[in-house]
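Inspection log for the structure reproduced underneath, given as structure tokens.
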Amino acid sequence: MEDFQIMDLYWSRNETAILETDRKYGALCHSIAMNLLSIHEDAEECVNDTWNEAWNRMPPQRPDNLKAWLCRVVRNISISLWRRNHAQKRCYGINQLLDELEDCVPSSRDIEQELEDAALGKCIDTWLLSLNREDRILFVRRYWHGEALNELAAKQNIPAARLTKKMYRLRLSLKAALEKEEFYL
């Protein structure tokens with residue numbers, strides 16, 4: 001079923017929308033949640049919360065890209081659950097991802113910095129678009145979808161150590177691009 005048809009089901013308040021969404025995007029959303037949380041039950045809860053969020057937001061929202069919208073929602077829900085469950089930072093999964101990016105992406109949680117956050121996002125988008133397709137996909141799969149380096153290396157048929165170096169070079173490149181635009185830690 002096409003995305004516009006699924007969204008039409010949401011707009012007509014047809015419960016089949018959830019089944020079709022799960023059929024088409026359930027595995028992807030579960031994968032994102034599992035990569036961030038590492039606990040099957042928590043991942044299932046996040047995916048179910050994502051379907052609930054879709055039901056509650058459509059209408060009035062009609063996403064331009066349903067797949068990207070669902071991925072963002074499940075990722076945000078997963079990160080929120082992870083933060084609730086790991087307030088003292090004892091978990092390996094998402095902490096490792098955040099630690100790797102910590103040196104090149106400034107933390108900006110103040111409400112006054114919303115405009116700067118938008119500018120930061122635009123700068124990162126521009127940097128991502130400057131990468132070749134393979135590097136862009138690797139970066140997004142690692143730092144957005146939270147895929148493990150070993151899994152990515154196996155999918156790319158390259159040694160994990162080589163991929164680790166490549167990801168390090170990508171982070172250095174991102175840091176340089178952000179510093180060029182005057183985003184500092």
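With a 1.4 Å probe and all protein chains left in place, how much accessible area per residue does region 1-89 have, in Å²?
On a per-residue basis, region 1-89 sits at 55 Å².
Looking only at region 49-73, which residues have a backbone nitrogen under 16 Å from a spot 7 Å from the Cα of Ser12 in the C-beta direction?
59
Per residue of region 45-51, what does 6.51 cos²θ - 1.76 cosθ + 1.60 with θ = phi - 60° give for ³J(HN,Hα)? Whole Hz please, x for Gly and Pro, Karplus curve as stated.
4, 5, 5, 4, 5, 5, 5
Can you list the lysines whose alpha carbon sits under 24 Å from that of Lys155, skipping same-chain ones fewer than 8 residues off?
Correct list for Lys155: Lys24, Lys67, Lys165, Lys166.
How large, in percent, is the carbon and sulfur part of the accessible surface of region 25-65 at a probe radius of 1.4 Å?
Result for region 25-65: 46 percent of the exposed heavy-atom area is carbon or sulfur.
Between Ser38 and Arg23, what length in nm is gained on full extension when 0.36 nm per residue of separation is reduced by their alpha carbon distance?
Full extension from Ser38 to Arg23 adds 3.2 nm.
For region 131-183 and region 4-71, write down the distance between their C-alpha centroids in whole Å.
Each part's Cα centre sits 27 Å from the other's.
The values are calculated or read from the model by the stated rules, or taken from the named source; none is laboratory data. In this text the structure is predicted, and so the values were computed from the model without any measurement. Reconstructed Cβ throughout: ideal geometry from the backbone, glycine too, with neighbour counts over all protein chains shown. Side chains are part of the model used for accessible areas, which takes the heavy atoms of the whole protein and leaves out ligands, DNA and RNA. Shrake-Rupley method; radii C 1.70, N 1.55, O 1.52, S 1.80 Å.
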